[in-house]
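The values are calculated or read from the model by the stated rules, or taken from the named source; none is laboratory data. Predicted, not measured: the structure shown is a model, and the values here were computed from it. Cβ coordinates were reconstructed from backbone atoms using ideal geometry, including for glycine residues, and neighbour counts include every protein chain displayed.
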């Protein structure tokens, strides 16, 4: 790679490019992470004792989670709810992506994409707050359902995980739509016609032809949405109730309310590692390789 | 089993564009029927109407005597071979062939029997468990045929399936397709812009142009008695000479063709003196003459192409700009046939066809 670059741009520019890449990777990605790993492996000491005899590497911070049943249940709930968010997003986005890729005329598709993107010009906090208003006890959604006679009295949407899941599905739709759209769009439409022609109904055509083809796109979308949900802070903080805390909120509390960065870093790494583990497991389960995703 | 296809006054419009003009056509059970026409003539639209992928604006399709209105594509007794074949790349060869049976809920053992029989039919029994990407072009072609036949269609629709193959394979597949059609007795509806394919394989051919059926006939009739100027120029090679009617004697008409002089031919059209008309004469029906007489003209040779059994000549009649093609058998004495030489060519009046210029397209 260096050879190609230096042939094109000369050695000095190439060295510059590599230096910049190196700086970016090391200074902005690797070093801060190493620092956090270092933090997570040290005890939380008052400033006077840092570097003293008690400042020894320890796994104590990681063990905290193993001994705290409440944190554990929040952790598993976070994973489970993120799975739910991912699944709901997929369910919502697949038909839309299929419509955009194979049914809509170019004009319709362009309009649709524009309508999908416009809400994301508003910042996340504002968008999440508007969901807070929509879903609140005396909010417009309850008023609508009441006036239509579907319910007798308002529902507390925001008391459980419901509000958080709705908010996240909304926040991460684009991360699902575009990989799905790309994957479905690349399918030769004659494949769908051929399946129809051989007698296949719509459900089977999707299940046997379109979904297998779109699997890498589905995996990409699911991984992004899952990782974003599991690591989301703003949505659960705004739309969650005390009973629906997210694991990220606990991490936040360790850092900024407990003042225990070491413990917070350890929790953050546990979340990261277990999420990656979960994704690897799911990829095995659905027989998706890394190569498929990079396609 | 009745596997005829009846297009009952079918018409197709996309917005304001008429893709297929009103067409009434009956394709017989077990017939090898081709739609022949240049691209954009509406033949693929007709195929999509028969298979149910699009609903005609007007008219109905009957397959085996049954009205196909509101019968969706996946419930029709038709099977299609796509131009790009559209084999399923994520399935094995056997899974591809068995897909239509899987859809119909046929049991696995049964499916296997069918796919084995069909793989034998297309002479590829060893390809059963191969991936589609491991097949050659000709093998893919045959697997596509096997997949389409597996669902035992009454009508097989073929959308230029040979266009992606090289010449040799294409010619081989023609024989093979014809052979399969004879063995299975299924009605074949074949779409092509290649007249060689249409003429060699078909029982009957419908020539289409601009959404309109020009002529429906067996290949021999199409060639010998084209019904319209379009068919005369599109099917086989033909020389087209414009003129004005100067004499009529029954079906024999004489035209004043300007620089080419007066030329006679026969016609089916009712013409009047002074009408503009077209004379068609095939290259192989033009012959060399030793002296000028009726139906003759002098022409200068522009180009010679030796094609083995015969010699293809391009010549320009004196004073004219028109290029005519003449095909001479190469065992004749051809010493004086050389580029730049002047030669007299002529034809028999009964070999030339004259059509009214009003019917020109």
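So which helices (runs of 4 or more DSSP H) stay within region A:162-277 end to end and still have 3 or more residues that are buried (at least 17 other Cβ atoms within 10 Å of the Cβ) and within 14 Å of another protein chain (Cβ to nearest Cβ)?
A:189-197, A:211-230
If we scan region A:46-63, do we find a residue that is within 22 Å of the chain's Cα centre (by Cα) and over 26 Å from residue A:164 (Cα atoms)?
No: region A:46-63 contains no residue that is within 22 Å of the chain's Cα centre (by Cα) and over 26 Å from residue A:164 (Cα atoms).
Using the structure shown, decide if residue B:107 is more than 30 Å from residue B:231 (Cα to Cα) and more than 14 Å from chain A (Cβ to nearest Cβ).
yes
For region B:69-95, which residues satisfy the criterion of being farther than 19 Å from residue B:159 by Cα and either within 26 Å of the chain's Cα centre (by Cα) or within 14 Å of another protein chain (Cβ to nearest Cβ) (or both)?
B:71, B:72, B:75, B:89, B:90, B:91, B:92, B:95
Inside region A:117-135, can you point out the residues that are farther than 19 Å from residue A:241 by Cα and in a helix (DSSP H, G or I)?
Listed by number, the residues that qualify are A:117, A:118, A:119, A:120, A:121.
Can you tell me which of B:207, B:155 is over 21 Å from residue B:39 (Cβ atoms), crowded, with 19+ Cβ neighbours inside 10 Å and at pLDDT 90 or above?
B:155
Quick check on region B:164-182. Is at least one of its residues more than 14 Å from chain A (Cβ to nearest Cβ) and under 22 Å from residue B:104 (Cβ atoms)?
The answer is yes; a qualifying residue exists.
Select from region B:132-151 the residues that are free of Cβ contacts under 8 Å to residues at least 60 places away in the same chain, surrounded by 14 or more Cβ atoms within 10 Å (Cβ to Cβ) and not in a helix (DSSP H, G or I) and list them in ascending order.
Scanning region B:132-151 gives a single hit, B:135.
Any idea how many residues of region B:246-281 are buried (at least 20 other Cβ atoms within 10 Å of the Cβ) and free of Cβ contacts under 8 Å to residues at least 40 places away in the same chain?
Final tally of qualifying residues: 2.
So, in region B:200-214, exactly how many residues are assigned to a helix (DSSP H, G or I) and either in contact (Cβ under 8 Å) with a residue 40 or more places away in the chain or farther than 16 Å from residue B:163 by Cα (or both)?
Result for region B:200-214: 1.
Restricting attention to region B:224-248, which residues are farther than 15 Å from residue B:35 by Cα and either outside any strand (DSSP E or B) or at pLDDT 95 or above (or both)?
Answer for region B:224-248, where residues must be farther than 15 Å from residue B:35 by Cα and either outside any strand (DSSP E or B) or at pLDDT 95 or above (or both): B:224, B:225, B:226, B:227, B:228, B:229, B:232, B:233, B:236, B:237, B:238.
Determine if region B:282-294 includes at least one residue that is under 14 Å from residue B:245 (Cα atoms) and surrounded by fewer than 20 Cβ atoms within 10 Å (Cβ to Cβ).
no
Of the conditions (1) in contact with a helix residue (DSSP H, G or I) (Cβ under 7 Å, 6 or more places away or on another chain); (2) modelled with pLDDT of 90 or more, residue A:143 satisfies every one except a single condition; which number is it?
Answer for residue A:143: the failing condition is (1).
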